[in-house]
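Here is the structure we will look at, set down as structure tokens.
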Amino acid sequence: MIFPNLFGRMLIVLPALFAEPWVFVTVVLVFHLLMGIQAPAYAALVTRFYPPQPAGSFDGKCKGCHGLLDDSLSLYHRTLD
């Protein structure tokens with residue numbers, strides 16, 4: 001199940017090579033389709049490697065740090081304007 005993920009991520013290069021709106025729209029649709037194919041397999045794989053409690057705790061910590069980083073960067077960006 002790694003190939004849909006690999007092909008989907010490789011598609012991201014196409015809008016950089018062909019600067020047309022239809023290329024971007026097509027890449028977005030195909031990318032989401034390919035990511036949807038591998039999503040159930042990825043979720044099953046993660047639960048094999050990480051027990052649910054530590055994985056949920058780690059996910060929560062990552063989201064909290066991401067939120068703090070986003071907020072601080074947006075406030076910093078506002079001071080530059």
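A few remarks follow.
- Charge tally for Val27 (other residues, Cβ to Cβ under 12 Å; Lys, Arg +1; Asp, Glu -1): 0.
- Relative contact order, percent, the chain [alpha-carbon distance under 8 Å, six or more residues apart]: 29 percent
- The chain - mean residue ellipticity at 222 nm from DSSP helices (-39,500 (n - 2.57) per run, n ≥ 4, rounded to 500): -29500 deg cm²/dmol
- Fraction of the pair-distance distribution of the chain above 16 Å, Cα-Cα pairs, percent: 69 percent
- Cα→Cβ-extended label distance, 7 Å offset, between Leu73 and Ala44, nm: 3.5 nm
- In a simple Cβ point-charge model (Lys, Arg +1; Asp, Glu -1; nothing else charged), the chain has a dipole of about 300 debye relative to its Cα centre.
- Label-to-label distance for His32 and Leu6 is 2.6 nm, based on points extended 7 Å past Cα in the beta-carbon direction.
- For region 28-69, the Kirkwood radius over C-alpha pairs fed into Stokes-Einstein at 20 °C and 1.002 mPa s yields D = 178 µm² per second.
- Using the Karplus relation 6.51 cos²θ - 1.76 cosθ + 1.60 with θ = phi - 60°, the per-residue 3J(HN,Hα) values for region 19-31 come to 8, 10, x, 5, 5, 4, 5, 5, 5, 4, 5, 5, 4 Hz, with x marking Gly and Pro.
Bear in mind that the values in this text are calculations on the coordinates, not laboratory data. Small disclaimer: the values here were computed from a predicted structure and weren't measured. Ideal geometry is used to build each Cβ from the backbone, glycine not excepted, and the neighbour counts take in all protein chains shown.
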